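Here's the structure, in C-alpha cells; my notes come after.
Nothing in this text is a laboratory measurement; each read-out follows from the coordinates by a stated rule. Treat the numbers as computed from the prediction; the structure is a model and nothing was measured. So basically every Cβ, Gly included, is an ideal-geometry build from the backbone, and we count neighbours across all protein chains shown.
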Amino acid sequence: MYQFVATDLDGTLLNEERTIDDFTAETFQALAKQGLTLIVATGRHFVEAKHVRQKLGTGTFLAASNGARIYGPDDRLILGADIEADIVRALAQEEFTAGCSLSMYHDDGCIISQDAPAEAERHPTFTYLRRELQSIDGSGISKMLFNNDDHDYLCQLSARIQARFPGRVNCTFADLHWLEVMAANVSKGSAVRYLAGQLGLDVAHGIAFGDSLNDVEMLQTVGTPFLMGNANDHAANRLPGVEKVATNVESGVALQLRQLFDMA
C-alpha cells in the first residue's frame with residue numbers, strides 16, 4: 001500500500017510554462033483526500049517553490065534547496081541545514097569561481113554578485129541580494145550554485161570541491177550547467193527519509209518522480225521510483241531499470257498516479 005508521493009518540480013511536475021496544470025492539481029487534491037502524504041522536493045529556494053506549490057491546492061510538505069530546508073504544509077520550518085561558513089567563504093573565492101557565475105541561497109533571498117546581469121533576476125516575488133561575494137561571512141547559506149556552459153568543467157570543479165572538503169559537502173547537478181553544493185548528507189533523498197521517519201511512514205511504500213541528477217538519491221530511496229520521459233541521460237544512467245513515464249509536458253506524474261490509484 002502506498003503511503004506517500006514525493007516529486008521534483010522543474011522538468012517533472014511543472015509543464016512547459018513552469019506551472020502546474022489543472023489536471024495535475026486535481027490529481028493531487030484527490031490523493032490528499034485519500035490520506036496520501038504529499039512531498040514536493042526541489043532545488044528551488046523556498047520562496048520560489050512555495051508559490052508554485054500553492055497551485056496544487058492541498059497541504060504538501062516542501063523540501064527546498066535540495067532538502068537543506070524542510071517545511072510543513074503550513075510553511076513552518078521543520079529542519080534546516082547550512083553549509084559550514086568557512087566552506088562558503090572558501091568557495092566564494094576566485095580559486096573556485098573562475099569561469100563561473102555563483103549564487104547562494106539564504107533565507108533572506110538569493111545572494112548574487114554585485115555585477116551579476118539583471119536578467120538573472122527571474123522571479124518578481126524573489127529577493128535578490130547583491131553582495132561582494134568574496135567578502136561575505138558565509139553564514140546561513142543553504143545552497144551554492146555554480147553555473148558554466150561546460151558540464152565537464154563543472155564535473156572537475158565538483159571533484160576539486162569534494163577533495164578540498166572531504167565529507168563536508170554534497171555536490172550534485174540541477175541540470176548539466178548548474179553545479180549545486182549543499183552541506184554533507186543533504187539531498188532530496190535525505191529529506192524524504194527524514195520526513196518519512198518523522199511521520200511514521202515506510203520509504204518502501206513511497207512513490208517518487210524526478211528527471212535530473214539531483215533527483216537520483218530520492219529515487220533510490222523509495223520503493224516505487226519513476227523517471228520522467230524527458231529525464232536527462234546522466235540521471236537515467238544512474239538508475240538502470242527504473243521505469244519511465246510520460247514527459248512533464250504530457251502531465252506524466254498525474255497520469256502515472258491516476259493509473260497507480262485507479263483514478264478515472
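Remarks
- Residues of type lysines that LYS33 reaches as a straight line, Cα spacing below 26 Å, ignoring anything fewer than 8 places off in the same chain: LYS50, LYS55, LYS188
- Per residue, the average separation of C-alpha pairs within less than 8 Å and at least 6 apart gives the chain a relative contact order of 21 percent.
- Cα gyration tensor shape for region 142-186, rounded if a/c is under 1.5, else prolate or oblate: oblate
- Rounded to the nearest 0.05, the FRET efficiency derived from the C-beta distance between GLU16 and LEU255 at R0 = 22 Å is 0.90.
- Sorting the segments 88-100, 170-182 by their residues' average number of neighbouring beta-carbon atoms within 10 angstrom, most packed first, yields 170-182, 88-100.
- J(HN,Hα) series, region 74-90, from Karplus relation 6.51 cos²θ - 1.76 cosθ + 1.60, nearest Hz, glycine and proline x: 8, 6, 6, 5, 9, 8, x, 9, 9, 5, 4, 4, 5, 5, 4, 4, 5
- Least to most buried among TYR2, TYR71, TYR105 (fewest other Cβ within 10 Å first): TYR2, TYR71, TYR105
- If R0 is 51 Å, the Cβ-Cβ spacing of TYR153 and LEU77 corresponds to a FRET efficiency of close to 0.90.
- Mean-square fluctuations from a GNM of the chain, with a 10 angstrom spring cutoff on Cα atoms, peak among LEU79, LEU195, LEU219 at LEU79.
- Charge tally around MET104: other residues with Cβ under 9 Å, Lys/Arg +1 each, Asp/Glu -1 each, net +2.
- Rounded to 0.05, the FRET efficiency of the ARG160 and GLU243 pair, given R0 = 25 Å and the Cβ-Cβ distance, is 0.10.
- For the peptides 20-28, 127-135, the ranking by packing is 20-28, 127-135, with the highest mean count of neighbouring Cβ atoms within 10 Å listed first.
- Size descriptors for the chain (Cα atoms only): Rg and Dmax, in that order, 17.9, 57 Å.
- Over 19 Å [Cα-Cα, region 1-141], rounded percent: 57
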